[in-house]
1. Going by the structure shown, is R364 surrounded by 22 or more Cβ atoms within 10 Å (Cβ to Cβ) and under 30 Å from R471 (Cα atoms)?
2. Please verify whether the range 259-271 includes one or more residues that are within 30 Å of D349 (Cβ to Cβ) and in a loop (DSSP other than H, G, I, E, B).
3. Show the residue pairs that are 6+ apart or on different chains and have beta-carbon atoms under 6 Å apart, the first residue being within the range 646-657 and touching a residue at least 12 places away in the same chain (Cβ under 8 Å), the second being in a strand (DSSP E or B) and surrounded by fewer than 20 Cβ atoms within 10 Å (Cβ to Cβ).
4. Could you grab me the full set of residues in the range 589-601 that are touching a Phe, Trp or Tyr at 6+ places or on another chain (Cβ under 9 Å), touching a residue at least 60 places away in the same chain (Cβ under 8 Å) and open to solvent by 30 Å² or more (accessible area, probe 1.4 Å)?
5. Could you say whether any residue in the range 17-28 is touching a Ser or Thr at 6+ places or on another chain (Cβ under 7 Å) and either surrounded by 18 or more Cβ atoms within 10 Å (Cβ to Cβ) or among the aliphatic types (A, V, I, L, M) (or both)?
6. Among the residues of the range 164-181, which ones are buried (at least 19 other Cβ atoms within 10 Å of the Cβ) and more than 8 Å from ligand 2 (Cβ to nearest atom)?
7. Test G516 against the criterion of being in contact with a His (Cβ under 9 Å, 6 or more places away or on another chain) and either basic (K, R) or within 15 Å of ligand 3 (Cβ to nearest atom) (or both), and give yes or no.
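The values are calculated or read from the model by the stated rules, or taken from the named source; none is laboratory data. These figures come from a predicted structure and were not determined experimentally. Counting neighbours? That spans all protein chains shown, and the Cβs are built from the backbone with ideal geometry, glycine included. When the accessible area is computed, the model is the full protein with side chains, heavy atoms only, and any ligands, DNA or RNA have been set aside. Shrake-Rupley method; radii C 1.70, N 1.55, O 1.52, S 1.80 Å.
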Amino acid sequence: MPRRRLHVDGVVQGVGFRPFVYNLAGALGLAGWVSNSSRGVFIEVEGPVGALDGFRARLEAEAPPLSRIMSVSEAAVAAQGGVGFVIRASDDAPGTATLVPADVATCADCLRELRDPADRRFGYPFTNCTSCGPRWTIIDRIPYDRPFTSMASFEMCAACRAEYEDPRDRRFHAQPNACPACGPRLRLVGEAVAAGADPVDEAARLLAAGQIAAIKGIGGFHLAVRADDEAAVARLRRRKRRQAKPLAVMAPADRVDALAAPTDAERAALAAPDAPIVLVTRRQGAPVAPSVAPRRRRLGVMLPYAPLHHLLFDALAPHGVSALVMTSGNLGDEPICLDDDEAMSRLSDIADLWLLHDRPIRRRADDSVVRVAGSGQTVLIRRSRGIAPAPIFVRGRGRGGPPVLAAGADLKNTVALLKEDRCFVSPHVGDVGDLATWDFFRETVRTLTTLLEREPEVLACDLHPGYLSSRWARQAAAERGLPLVEVQHHHAHMVAVMTEHGLEGPCLGVILDGTGSGTDGTIWGGELLVGDRAGFARVGHLSTFALPGGDAAIRHPWRTAVSCLREAYGDDAPRVPALSPYDVAGVRWMLSRGLRAPRTSSCGRLFDAVAALCGVGCEARYEAEGAIALTAATTTEAVRRAIPLAWEVSEAAGATVIDVPTLIRGVARALRGGADVATVSARFHAALIASLAEAARRAAAAHGVTRVVLGGGSLQNEHLWTLLPEALAEAGLRPHLPRALPPNDGGICVGQAVVARATL
Ligand code: ZN
Ligand code: ZN
Ligand code: FE
């Protein structure tokens, strides 16, 4: 009988792949074995040719839902004539890393057991199986095997071990397998906690009374408080020093409809195994305290994704609580807390009680955040728990070469390690300007290199002279004697999207962003670039305007509005009522002297200015607060139907320029004519989209390209996301949007890594 050896690569560990292979081989009467290794899964099968072919076909067609096969190679080997099929012990020879699995939300089977009084795991908060449970957050190193996870110290009882060793059991080789007899345990700490009470019931009682709980989850601690209690939510905001940024809400699937009105696609996104926060249109009169998400049309909602969450909501129901604010357990913008001692000390001034357990979390993973576009496509806003570190596969130029570590940008930082043809992207790190986040940044770099068993031979970073991430990369390159590639911010955005889509270029990049350092020393952010993975030319941009006070203008957008009015009207700017409370004359004086007012072509800052003129964002408590309010003031359909405000596109010095003063004059005129914010917003969006499409058409024609990639933080704007590609397609271009990466700076490390490879 012929014998074949197969090597399967991809997400094949921790997802029930070996039991699947075992059962498939058994069903086909094949002899042989399957084994996990750090290079993927190896299989040998022996039997009749028909059965071997069937095995090969079904291996991919019927693979477990959480697996993701990237390649299967097959070779004939000498027959051995054995009978029976076995699962061999892991061979942990070092080599090319296989993929590290992400954490998975509790599956339906485990949930059923959790609620079945006859089951031995009834009410057990650490129930999991091969289809669900923690992965990335408990792994010490690969291969993914229990001794190399934070479950190593828990010895399985006889019943758990029997499941673990039985290939027909759904817990076969479920590495975090546990039960009440042998696994991790909960404990509840807090001043008001009654001695001897059940931790979950008691936590529910105190939460219902309005207390703030620090709850140890999968990728870190959450701070929880009942979502319908304004006093409690306001207290949480005060203690956490989080002014206005929206807070996410967790609610059981059957209670979500009371809070929000999810579409079918949004419902599917909520219930997906990665269980992200989904931004869903909130329901009128929803029982959600006003300060959960002030001035937002959408609410960030997620479903319970760990058994502990399900148990907690079961215990909260009798108290009439069906939704909790669940926000990362940290102060301000610090990284999420990881271990019990850290949470007890760092959250001591915030939480009233701590729901803890003794399964250590090895690495942080904040909740992922997504939005579902009108087309049904998922837009990643934050790519983190449940998704990271899933790699982006590089095809074409930059596919092979030395390992590259890319440091990302300073805001919404993520870090990437490009190893062979896979670019592994870390979970969300955050804003590295903060000292605690800075430590997390360095920890994340170490995590990637140790887990993937590869030290970088090339470093990549942003061109920005002041970014901490760039300074780190420059210093590390100097210390280690490694080449460093500094990548222009918007080129990195562009190449990230090209990489996802396997585009090699030349392409036109339409990058609508906050701010990034340009190659000419000015601040860019509304850019048309033509180029490939190795280089680019700036072929168009928004006309520039001054940012009075530099970064201070981000927090005080009324200043940018004053500056834009001055660009549009010179010294005869009309009075705009929304700006009257502010020191307009002072800023105009500053501008006339050219004091601390760098020039920018930023799309995000243009949105800031228009929002301020409309009176919905003169001050921003977090980046783009006003821009988001301006977007929320209208709908995509209204923008589609709106008559655009005046716009103008012209050629200057070899570049296509979208004239900001024309847009600003249009806004000012509409406001003077008594138009409301909804109308101005719709007509402004329409004008910006029309001018971008026209500029893109001209630039594409001039440079002989038709493919367009879209990226940058402003693409989180749902109207731009939907309507700009439509307008580009109408102009005869072929637009590509980010899919597997966020459009914002969270995806930029991938572009940096690929540019570094392509450049060297
Ligand atoms: Zn399960
Ligand atoms: Zn057990
Ligand atoms: Fe950016």
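1. Yes.
2. Applying the first criterion (within 30 Å of D349 (Cβ to Cβ)) to the range 259-271 yields 259.
Now narrow it down to the ones that are in a loop (DSSP other than H, G, I, E, B): none.
Looking for residues that are within 30 Å of D349 (Cβ to Cβ) and in a loop (DSSP other than H, G, I, E, B), one finds none in the range 259-271, hence no.
3. From the range 646-657, the pairs are V657/S650.
4. Residue satisfying the conditions is R599 alone.
5. Within the range 17-28, the first condition is being touching a Ser or Thr at 6+ places or on another chain (Cβ under 7 Å), and the residues that meet it are 17, 19.
If we keep only those that are either surrounded by 18 or more Cβ atoms within 10 Å (Cβ to Cβ) or among the aliphatic types (A, V, I, L, M) (or both) as well, we get 17, 19.
Yes, the conditions are met somewhere in the range 17-28.
6. Residues satisfying the conditions are R171, F172, H173, A174, Q175, P176.
7. In short, yes.
To keep it simple, each residue is scored yes or no on (1) in contact with a helix residue (DSSP H, G or I) (Cβ under 9 Å, 6 or more places away or on another chain); (2) within 16 Å of ligand 2 (Cβ to nearest atom); (3) part of a strand (DSSP E or B).
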site: V100; (1), (2), (3): yes, no, no
site: A118; (1), (2), (3): no, no, no
site: G123; (1), (2), (3): yes, yes, no
site: P143; (1), (2), (3): no, no, no
